[in-house]
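Remarks on the structure that follows.
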Amino acid sequence: MNVIVQVLDFISQEILNVPAYLIGIVAVIGLIALKRSAGQVISGGLKAAMGYLILGAGATVVTAALSPFGELVLKSTGAQGVVPTNEVITAQASSQYGATSAYIIVLSFIVMLLFARFTPLKYVFLTGHHMVFMSTLLAVVLSVGLGSKNQLLVILVGAALMAVVMVVLPAFAQPFMNRVTGNDKLAIGHFNTLGYIISGAVGAKVGKKSRSTEDINFPKGLNFLRDSMVSTTVLMIVLYLVFSIWGAIVLPAKTAFAIFPSHPANYGAFFMAAFAQALQFGIGVSIILYGVRIILGELVPAFQGIANKVVPGAKPALDVPIVFPFGANASLIGFLSSFAGGLVALVIIAVWLGPVWGIALILPGMVPHFFDGGGAGVFGNATGGRIGSVVGGFINGMLITFLPAALMTVMGSFGIANSTFGDADFGWFGTIVGNIAHLGPVGGAIGLVIFALLLLAGAWVWQVKVVDKGWMPAKEHAAFIDDIKAAEKAEKAARKSAQKTAATKA
């Protein structure tokens with residue numbers, strides 16, 4: 001038994017927990033299915049894996065740059081509470097639920113592939129680290145509800161639930177993903193899907209006549225801001241310096257200098273450290289975008305082999321940075337709007353929900369607000385332009401504040417931990433699963449199976465009746481954007497013709 005646990009733990013932690021390996025393996029399988037040469041298979045697999053590693057390296061740089069910024073904001077404002085961080089809560093729970101999580105993740109991956117093969121829900125979820133987070137969440141809430149002694153029941157129910165959610169959520173989001181990418185080749189595989197769907201849906205309602213964030217017309221003196229790397233970095237420089245000045249005013253010198261411990265303890269070094277972190281943030285975003293381009297260039301063609309041979313018609317469901325190149329400005333706007341939404345939700349909890357209902361105070365985590373909020377901004381922009389990006393990001397920020405607070409009520413002893421899971425799907429899915437599981441081993445298991453079947457049936461109908469029929473949201477907004485592009489093209493052609501005529505007369 002211990003050997004099996006160790007093998008499953010190795011597979012889950014060292015392979016499935018490393019998205020780059022998973023992406024590389026999928027690329028290799030696809031290229032073999034396409035009967036490519038050995039050299040092409042090796043090259044394609046390595047480049048796909050390296051593309052994801054590059055994306056991960058960019059995410060690491062962004063996270064490292066955001067960490068002191070978050071500390072600076074919290075210490076300057078004096079806020080106290082729980083900061084949602086998936087990695088932290090997973091590490092805290094792994095010692096007690098690591099083996100259960102390992103069984104769940106491996107078994108769920110197999111069941112997911114069967115769903116993709118034999119149902120219309122042909123999505124292969126490839127975001128390995130989110131699979132680890134979800135398996136850990138399910139291990140915790142099911143053990144609390146069904147009883148830790150019923151480990152086999154927890155594993156079987158957990159694997160079924162996780163397999164269902166990995167094919168159901170990409171299906172519900174696919175029409176919005178198609179609007180973002182302009183085709184039907186990619187799916188979103190990230191457990192903040194509820195935030196992206198709501199952002200896209202709200203954007204379609206509020207931004208019918210709003211121009212795209214990517215068409216922002218800067219004054220001539222600010223044309224340099226058209227470069228997304230430059231505009232992103234400039235904004236973070238402003239934010240970092242504003243809060244560093246605030247911190248320097250309100251914090252004791254020793255506390256302020258401790259935020260950047262690797263720099264000398266003086267105010268000159270303090271401000272320059274803030275400036276350097278802002279530059280690092282811009283670099284990280286640029287690395288992410290480069291990694292995404294490599295993944296798209298290698299993985300999508302290889303995945304055609306899987307779609308044709310192994311899982312006919314399947315789509316890869318990938319991590320949220322995959323959408324950032326489709327709206328570089330939108331991702332930044334979504335991040336800021338999400339952070340603002342998180343602050344508003346924080347105030348609501350502090351003055352009302354906390355005192356009345358005892359809900360935990362959820363502080364804004366910079367990492368989930370950047371990735372989730374950025375994704376929400378892109379989806380909102382795709383359906384509702386600038387207004388959609390702002391409103392969608394703002395609502396996302398409120399979601400990833402309220403939902404983690406609700407989740408903590410079903411996490412047993414981890415409900416009083418100093419961290420929790422930070423993305424919307426962990427919040428709503430974990431809360432529902434945890435509450436049903438509290439019906440006990442028999443009633444809870446039956447209730448959860450019914451819940452999983454309802455999700456599966458709903459997604460099945462949605463896929464057949466909506467996605468496969470080619471429906472996409474925000475047709476009015478898309479037509480509006482097309483009209484603008486046509487008008488701009490005509491204006492450009494007329495201007496070019498006038499210049500040519502003037503040159504001829506001269």
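The values are calculated or read from the model by the stated rules, or taken from the named source; none is laboratory data. Fair warning: this is a prediction, and the values are worked out from it, not measured in the lab. Cβ atoms come from the backbone with ideal geometry, glycine included; neighbour counts cover every protein chain shown. Remember, those area values only see protein heavy atoms, side chains included, never the ligands or the DNA or RNA. Shrake-Rupley method; radii C 1.70, N 1.55, O 1.52, S 1.80 Å.
Quick look at the numbers
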item	result
Test for N183: is it under 20 Å from D483 (Cβ atoms), surrounded by fewer than 18 Cβ atoms within 10 Å (Cβ to Cβ) and of a type in the set (S, T, N, Q)	no
The listed residue being closer than 26 Å to L332 by Cα and at pLDDT below 95, out of I395, I416, I362	I362
Test: residue in the range 328-349 that is modelled with pLDDT under 90 and over 27 Å from N381 (Cβ atoms)	yes
Number of positions in the range 251-261 that are surrounded by 13 or more Cβ atoms within 10 Å (Cβ to Cβ) and either touching a residue at least 24 places away in the same chain (Cβ under 8 Å) or closer than 12 Å to A274 by Cα (or both)	5
Matching residues, the range 83-127, being among the hydrophobic types (A, V, I, L, M, F, W, C), out of contact with any helix residue (DSSP H, G or I) (no Cβ under 6 Å at 6 or more places or on another chain) and either surrounded by fewer than 20 Cβ atoms within 10 Å (Cβ to Cβ) or within 30 Å of V467 (Cβ to Cβ) (or both)	V88, A91, F109, I110, L113, L114, A116, F118
Among the residues listed as G392, G354, G365, the single one being open to solvent by 10 Å² or more (accessible area, probe 1.4 Å) and more than 13 Å from the chain's Cα centre (by Cα)	G354
Among the residues listed as G158, G147, the single one being farther than 24 Å from D468 by Cα and either of a type in the set (S, T, N, Q) or surrounded by fewer than 19 Cβ atoms within 10 Å (Cβ to Cβ) (or both)	G147
Residue among A64, A59 that is assigned to a helix (DSSP H, G or I), surrounded by fewer than 19 Cβ atoms within 10 Å (Cβ to Cβ) and either in contact (Cβ under 8 Å) with a residue 12 or more places away in the chain or more than 22 Å from the chain's Cα centre (by Cα) (or both)	A64
Qualifying residue in the range 405-418 (condition: in contact (Cβ under 8 Å) with a residue 40 or more places away in the chain, among the aliphatic types (A, V, I, L, M), buried (at least 21 other Cβ atoms within 10 Å of the Cβ) and not in a helix (DSSP H, G or I))	yes
Residue within the range 241-263 that is of a type outside the set (A, V, I, L, M, F, W, C), closer than 23 Å to V320 by Cα and at pLDDT below 85 present	no
Members of the range 435-449 that are under 21 Å from V111 (Cβ atoms) and open to solvent by less than 40 Å² (accessible area, probe 1.4 Å)	I436, A437, G444, A445, G447, L448
Residue count for the range 450-500, restricted to those that are in contact (Cβ under 8 Å) with a residue 24 or more places away in the chain, more than 22 Å from R386 (Cβ to Cβ) and open to solvent by 90 Å² or more (accessible area, probe 1.4 Å)	3
Flag if A340 is under 24 Å from M229 (Cβ atoms), of a type in the set (G, A, S) and surrounded by fewer than 21 Cβ atoms within 10 Å (Cβ to Cβ)	yes
Out of G397, G440, G430, sole residue that is of a type in the set (G, A, S) and within 18 Å of M366 (Cα to Cα)	G397
Pair list, Cβ < 6 Å and 6+ apart or interchain, from the range 139-151 residues that are at negative phi to residues that are among the polar types (S, T, N, Q)	A139/T100; A139/S101
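Yes/no matrix, rows are residues, columns are (1) assigned to a helix (DSSP H, G or I); (2) farther than 24 Å from V168 by Cα; (3) touching a strand residue (DSSP E or B) at 6+ places or on another chain (Cβ under 6 Å):
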{"position": "G422", "(1), (2), (3)": "no, no, no"}
{"position": "D425", "(1), (2), (3)": "yes, no, no"}
{"position": "W428", "(1), (2), (3)": "yes, no, no"}
{"position": "T431", "(1), (2), (3)": "yes, no, no"}
{"position": "L439", "(1), (2), (3)": "no, yes, no"}
{"position": "I446", "(1), (2), (3)": "yes, no, no"}
